[in-house]
Amino acid sequence: MLKESYVAKLKTLPKDAIKIRVGYPSIFSPSEALLSEFNEIKNNLMKKGMSELEARKKAWKQTDFENRYREEIGSKPGVANKLKEIMRLSENKDVYLYCYCGKYPCHHFILMDIVEKMRTKTKIINLYMK
C-alpha cells in the first residue's frame, strides 16, 4: 500500500516498510527554482505574522506549485519508470514516500496521486487486454 510520511516520523515507521525519500536531493524533488520561489513567499508571509500552514497554502497557490511540479516531474528522464516501480512495490508491501514536510500541501502528495492514477490506468488497460 502506498503511504506518506515525513522525515521526523521515519523512526516510527515499520522496519520492513519500503521508505523512499522524495525530498531534496532526489529525482522526485522540485526544482531549486520552484522550491526557492515557494519558500521565499512562504517565509515572507510568515514574517508578516501568517501561520506556517496558511503561508504554505498561499505560497502553493501563488507559485502555481502543483501544475509547475507536475510539468517538471513529467519532463525528468527516468521518473515515469521509477514511479511504475513504486506502483508495483506498493501492491504487495507498504511503501512510504517521505519528505521534510509533514502536511499538505507538499509535492509528495502529488507523487502519490500520480502513482494512484497510473495504477488505475494500468487496471483499465488490463481489463481491455483480457
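Computed from the coordinates by the stated procedures, all read-outs in this text should not be read as laboratory data. This one's a predicted model, so the numbers in the text were calculated from it and none came from an experiment. No Cβ is skipped: glycine too gets one built from the backbone with ideal geometry, and neighbour counts run over all protein chains shown.
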**Report entry** Neighbourhood charge, 13 Å Cβ-Cβ cut-off, centred on A59 and excluding it, Lys, Arg +1 and Asp, Glu -1
**Finding:** +2
Query raised in the report: What percent antiparallel are the DSSP beta bridges of the chain, to the nearest 5?
Result: 0
Report task. At 0.36 nm per residue, minus the direct Cα-Cα distance, what do K103 and V79 gain on full extension? Give it in nm, one decimal, please. Result -> 6.3 nm
Query - Segments 101-113, 72-84, 48-60 sorted - mean Cβ within 10 Å per residue, highest first - result: 101-113, 48-60, 72-84
Query raised in the report: Under a Cβ-Cβ cut-off of 13 Å, what is the net charge of the residues other than P14 that fall near it, where Lys and Arg count +1 and Asp and Glu count -1?
Result: +4
Requested in this report: Collect residues whose amide H, placed 1.01 Å from N in the peptide plane, falls under 5 Å from the amide H of K19; neighbours closer than 5 in sequence don't count.
Outcome: Y96
Report summary line: Row for the chain, column shape: gyration tensor on C-alpha, a ≥ b ≥ c, rounded if a/c < 1.5 i.e. under 1.5, prolate if a/b over b/c, else oblate; value prolate
Query raised in the report: What's the center-to-center distance, using Cα atoms, between the range 56-74 and the range 1-49 in Å?
Result: 14
